[in-house]
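Asker: Supplied in structure tokens, the structure appears directly below.
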Amino acid sequence: ITFQSLVGTLARVYRPSDEALRHSRTNARAMRNDIGIMECIEARQRASALLDWQLVPEDTKSESQKAACGELTKLIQRIPRFTEYRRWLLEACWFGKSAIQHRIRWTNIGGFMRLVPSRAGDDPGWLPVHGDKLVFRYDDGRPENESHPFQVGIRVGRSDKLKEGDHLGGFKLETIEERGYGVMSADTSLAYFLPPWQRELVAIHKHMIEDGDYFDPLDSGRINGVGIRDRVYWEWFQKQETLAFLMEYLERSAGGIEIWEYPAGNPDALAKVKTAAKERIANGRNVIFFPKPVGEDSGLFNMHVVEPGMGGIDILQAMLTEYFGARMKRYILGQTLTSEASATGLGSGLADLHLDTFMQIVKYDVANLDETITEELVKPLIRWNSDFKDLRNVHVKFESVIERPDMDKKLQAFFQAWQMGARIREADVLEMIGVEMPTSEDRLLPSPSQQQGQQPGGD
């Protein structure tokens, strides 16, 4: 009700608000074939998906919680191609939203039968769901329908052959339409709206979440995720227009223009000139037939070549690479030095600044992804497996481990402060280098400050 109006159908779904989808679905698909864009998108995805990860209990000092997290980690490690699992969820960076459908099975892990998304024959245990297939409902304000805001549906094809009990992409269809579930209209297509017990089998990741413009009802769907495609579409569209101008210029003028002259008013001469021009065309030049007035000094069947200037090509090429291409790359990656060489100046620190900018983007993506995996994978795993019932009221967090490129500088700062008499906590230093505090049962390596001849493992 905060919008001027909501545009939808009887299914009460949010309409697509992505600029690319609203203008041209064909262009939206074509953008995926632009290797300049996909290079940046995939680099951004790999930077997050390749990070190590860990499960962090709510009480980091509780031995029982730490032990349970260790067992839960084994379950996640058994998920096939978990790196690709995380990369696909990061497709939300492009589409605005992305999803994964889990196929959970009983699996023997460490001698215990656990419910976990796992492989069985050719079934990989999880399947990707394209972000544009996801639809979301808005609340119609009628609680008697038992509808709820943001109910998720997945777009499907024809429903005349679907019936209750059929399996659709791993889901057993439930046709309880009076309760808002089943295959129903979703604007321009049909969608299978998931009951709560099936929604738990889907992990949905959203990129940026926005409230739409009051004067544009279609923008209301931006509350369910906005991706990079929406941001760069019109920039990409202008780039395509410029590329078309460049290709037309090359096609028409790159080889020069041939001007073939023939006596004006002589159709036989024109036919012979066209035949001569057709027989010798081999360099892709444009051909112009010029009717030349007949006079004493007029030569017949003359041919001239006008060489084009290359300045126009240089200008169009610069616009493609240095303007449109660079602007989109900077938006996606935050900078350009992580993907291309450039002069930075000796000792300028510009490369470090670009790396820091890129790492800020990675941290943003990772923070969002970690929260999604925590809510959409870790917590369901805890609910599915009764052995982890002690963790059901504990916030176990999935956390990616981001490398600290400035660790050497910070350790040097710690050392200098310690030399100046500052009191430094040992836990802070160990955390900086990724080492846990030793316990009384651990065997310790001797340090240089220990007395000569002391045996390893001494206190």
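The values are calculated or read from the model by the stated rules, or taken from the named source; none is laboratory data. These numbers come from a predicted model, not from an experiment. Every residue, glycine among them, receives a Cβ derived from its backbone with ideal geometry; neighbour counts consider all protein chains shown. Side chains are part of the model used for accessible areas, which takes the heavy atoms of the whole protein and leaves out ligands, DNA and RNA. Shrake-Rupley method; radii C 1.70, N 1.55, O 1.52, S 1.80 Å.
Asker: If ARG330 satisfies all but one of (1) of a type outside the set (Phe, Trp, Tyr); (2) more than 30 Å from ALA43 (Cα to Cα); (3) open to solvent by 50 Å² or more (accessible area, probe 1.4 Å); (4) modelled with pLDDT of 70 or more, what's the number of the condition it fails?
Answerer: (2)
Asker: Pick from the stretch 427-459 the residues that are of a type in the set (Val, Ile, Thr) and assigned to a loop (DSSP other than H, G, I, E, B): which of them is modelled with the highest pLDDT? Let's see the steps before the verdict.
Answerer: Residues of the stretch 427-459 that are of a type in the set (Val, Ile, Thr), as a first pass: 429, 433, 435, 439.
From what is left, the residues that are assigned to a loop (DSSP other than H, G, I, E, B) are 433, 435, 439.
Details: ILE433: 68, VAL435: 70, THR439: 73.
Ranking the qualifying residues of the stretch 427-459, first place goes to THR439.
Asker: How many residues, within the stretch 247-275, are part of a helix (DSSP H, G or I), surrounded by 13 or more Cβ atoms within 10 Å (Cβ to Cβ) and modelled with pLDDT of 75 or more?
Answerer: Filtering the stretch 247-275 for residues part of a helix (DSSP H, G or I) gives 247-253, 267-275.
After this cut, where a residue has to be surrounded by 13 or more Cβ atoms within 10 Å (Cβ to Cβ) as well, the list is 249-250, 252-253, 269-270, 272-274.
Filter again for modelled with pLDDT of 75 or more, leaving 249-250, 269-270, 272-274.
Of the residues in that region, 7 qualify.
Asker: Under 6 Å between Cβ atoms, which residue pairs at least 6 apart in sequence (or on different chains) link something in the stretch 215-230 that is at positive phi with a partner that is modelled with pLDDT of 85 or more and not in a helix (DSSP H, G or I)?
Answerer: Correct list of pairs: GLY225/GLY96; GLY225/LYS97; GLY225/LYS206; GLY225/HIS207.
Asker: Taking the stretch 209-254 as the region of interest, how many residues are in contact with a His (Cβ under 9 Å, 6 or more places away or on another chain) and among the hydrophobic types (A, V, I, L, M, F, W, C)?
Answerer: Total satisfying the criteria: 4.
Asker: Any residue at all in the stretch 104-127 that is within 17 Å of GLU42 (Cβ to Cβ), hydroxyl-bearing (Ser, Thr, Tyr) and out of contact with any Phe, Trp or Tyr (no Cβ under 6 Å at 6 or more places or on another chain)? Steps first, answer last, please.
Answerer: Of the residues in the stretch 104-127, the ones within 17 Å of GLU42 (Cβ to Cβ) are none.
No, the conditions are met nowhere in the stretch 104-127.
Asker: Taking only the stretch 191-232 into account, find how many residues are part of a helix (DSSP H, G or I), among the charged types (D, E, K, R) and farther than 13 Å from PHE136 by Cβ. First the steps, then the outcome.
Answerer: To start, the set of residues in the stretch 191-232 that are part of a helix (DSSP H, G or I) comprises 196-199, 217-224, 228-232.
Okay, now just the ones that are also among the charged types (D, E, K, R), so 199, 219, 222, 229-231.
Still in the running and farther than 13 Å from PHE136 by Cβ: 219, 229-231.
Count: 4.
Asker: Looking for something open to solvent by 70 Å² or more (accessible area, probe 1.4 Å), among the small types (Gly, Ala, Ser) and at pLDDT below 85 - is there at least one such residue anywhere in the stretch 346-368?
Answerer: Within the stretch 346-368, one or more residues are open to solvent by 70 Å² or more (accessible area, probe 1.4 Å), among the small types (Gly, Ala, Ser) and at pLDDT below 85.
Asker: Restricting to the stretch 372-425, and then to whatever is among the hydroxyl-bearing types (Ser, Thr, Tyr) and surrounded by 11 or more Cβ atoms within 10 Å (Cβ to Cβ), can you tell me which residue is nearest to SER98 (Cα to Cα)?
Answerer: The initial filter retains those residues of the stretch 372-425 that are among the hydroxyl-bearing types (Ser, Thr, Tyr), namely 372, 374, 386, 400.
Those left that are additionally surrounded by 11 or more Cβ atoms within 10 Å (Cβ to Cβ): 372, 374, 400.
Working: THR372: 11, THR374: 16, SER400: 19 Å.
Within the stretch 372-425, the match that is nearest to SER98 (Cα to Cα) is THR372.
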